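One structure is given below, encoded as structure tokens.
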Amino acid sequence: GRREQSSRRDQELRDRKSYLKNFWYAAALSSNVTVDKPLGVDILGTRLTLYRDETGKVICVDDTCPHRGAPLSEGWTATDKSTGKKCIVCPYHGWAFDGEGKLRDVPSAEKGSWPKRPLIGSYDVEECGGFVWLFYGNKSLPKEERPPIPFTPELEDPNWRAVYGEIEFNAGHWGVFENAIDMAHIHYLHADSFGNAEKPKVMDMASERDTWETSCHFRIHNKPMNKMWEWTSVPSVPVTAKAMLPSTSAVHIELAHGVKMITFVNTVPITEDRAINRFCLVRNFALHPAFDFMARE
């Protein structure tokens, strides 16, 4: 009855605050992780620091120094003379940690008098498609058994132009993720741009799925955003929308004259009630950076 229905709803709301483990999450845009300064990132209910090592590879460790709790992301990087490897240095007392979380220097203490085990957590990260991907889960899980990193080949295709960005939301990540693949809402929420509230029907829906993603193919009626876009008008727009675990979407559309665009969105939980979309808008026309404003609009 009512009590059972309420109980199911309560459980659903609790589940929507949880995070899927043993998956890859977009922790940052690659362009935001520089060789000059560590980058602090709030993600999955914790705070981490990203920096580039001596080879340019991204390293990920806990942000909190175990000594006095200072944020390592406010520090800097330095090369450990004994190993030649780049370390992250705490801004409070100069403690330096390597990419495995091991303490490599304490300027106020005798060398070698500190613990040899890792004192801060370190995490597996990979760069792919212009994003830094964090593996959130069991580090002992073999790489060949891990899910694939969400990807669409156009992100790295020189015949396409990719424009990156981030938008933060005061909302749980499941709701934000669902919005990115909800095609029915665009005719109303985006009625002043490309939505078409006079013809809101989603047509000819067909879907397929495998272990890691679901793809849907359908057609919608849109309208040109302004006079400049009228040359791309078609009677109906073919769309392929993909949902990839844990919370990435890729929406492909094709307009007249072979114009194609992809919205690739990684919805990442910050906390149970905050999320961030790390996204890329990809196009196969007007490839000069001067036209990037069109993608952002």
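A few comments on the model shown:
- Selected residue (criterion: most open to solvent (accessible area, probe 1.4 Å)) from residues of region 247-297 that are under 21 Å from Asn32 (Cβ atoms) and not in a strand (DSSP E or B): Arg296
- Test: residue in region 187-203 that is within 24 Å of the chain's Cα centre (by Cα), over 21 Å from Ala26 (Cα atoms) and not basic (Lys, Arg): yes
Conditions tested, residue by residue: (1) among the hydrophobic types (A, V, I, L, M, F, W, C); (2) out of contact with any helix residue (DSSP H, G or I) (no Cβ under 7 Å at 6 or more places or on another chain); (3) in contact (Cβ under 8 Å) with a residue 60 or more places away in the chain.
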residue	(1), (2), (3)
Leu44	yes, yes, yes
Thr49	no, no, no
Arg52	no, yes, no
Thr55	no, yes, no
Asp80	no, yes, no
Lys85	no, yes, no
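- Filter pass, Lys102 being open to solvent by 50 Å² or more (accessible area, probe 1.4 Å) and in contact with an Asp or Glu (Cβ under 7 Å, 6 or more places away or on another chain): no
- The listed residues are Val132, Val163, Val125, and the only one of them that is within 28 Å of His221 (Cβ to Cβ), at pLDDT 95 or above and of a type in the set (Val, Ile, Thr) turns out to be Val163.
- The one condition in (1) in contact with a strand residue (DSSP E or B) (Cβ under 8 Å, 6 or more places away or on another chain); (2) among the hydrophobic types (A, V, I, L, M, F, W, C); (3) open to solvent by 40 Å² or more (accessible area, probe 1.4 Å) that Leu189 fails to fulfil: (1)
- Checking each residue of region 211-218 against the condition of being touching a strand residue (DSSP E or B) at 6+ places or on another chain (Cβ under 8 Å), buried (at least 18 other Cβ atoms within 10 Å of the Cβ) and of a type outside the set (Ser, Thr, Tyr) gives at least one match.
- For region 44-80, a residue qualifies if it is outside any strand (DSSP E or B), among the hydroxyl-bearing types (Ser, Thr, Tyr) and either in contact with a Pro (Cβ under 7 Å, 6 or more places away or on another chain) or open to solvent by less than 70 Å² (accessible area, probe 1.4 Å) (or both), and exactly one does: Ser73.
- Which listed residue, of Phe177, Phe131, is touching a Leu at 6+ places or on another chain (Cβ under 7 Å), open to solvent by less than 70 Å² (accessible area, probe 1.4 Å) and not acidic (Asp, Glu): Phe131
- Matching residues, region 220-239, being over 17 Å from His187 (Cβ atoms) and either modelled with pLDDT of 85 or more or of a type in the set (Val, Ile, Thr) (or both): Thr232
The values are calculated or read from the model by the stated rules, or taken from the named source; none is laboratory data. Remember, predicted model here, so these are calculated numbers, not experimental data. We place every Cβ from the backbone using ideal geometry, glycine too, and count neighbours over all the protein chains shown. Side chains included, ligands, DNA and RNA excluded: accessible areas come from the protein's heavy atoms. Shrake-Rupley method; radii C 1.70, N 1.55, O 1.52, S 1.80 Å.
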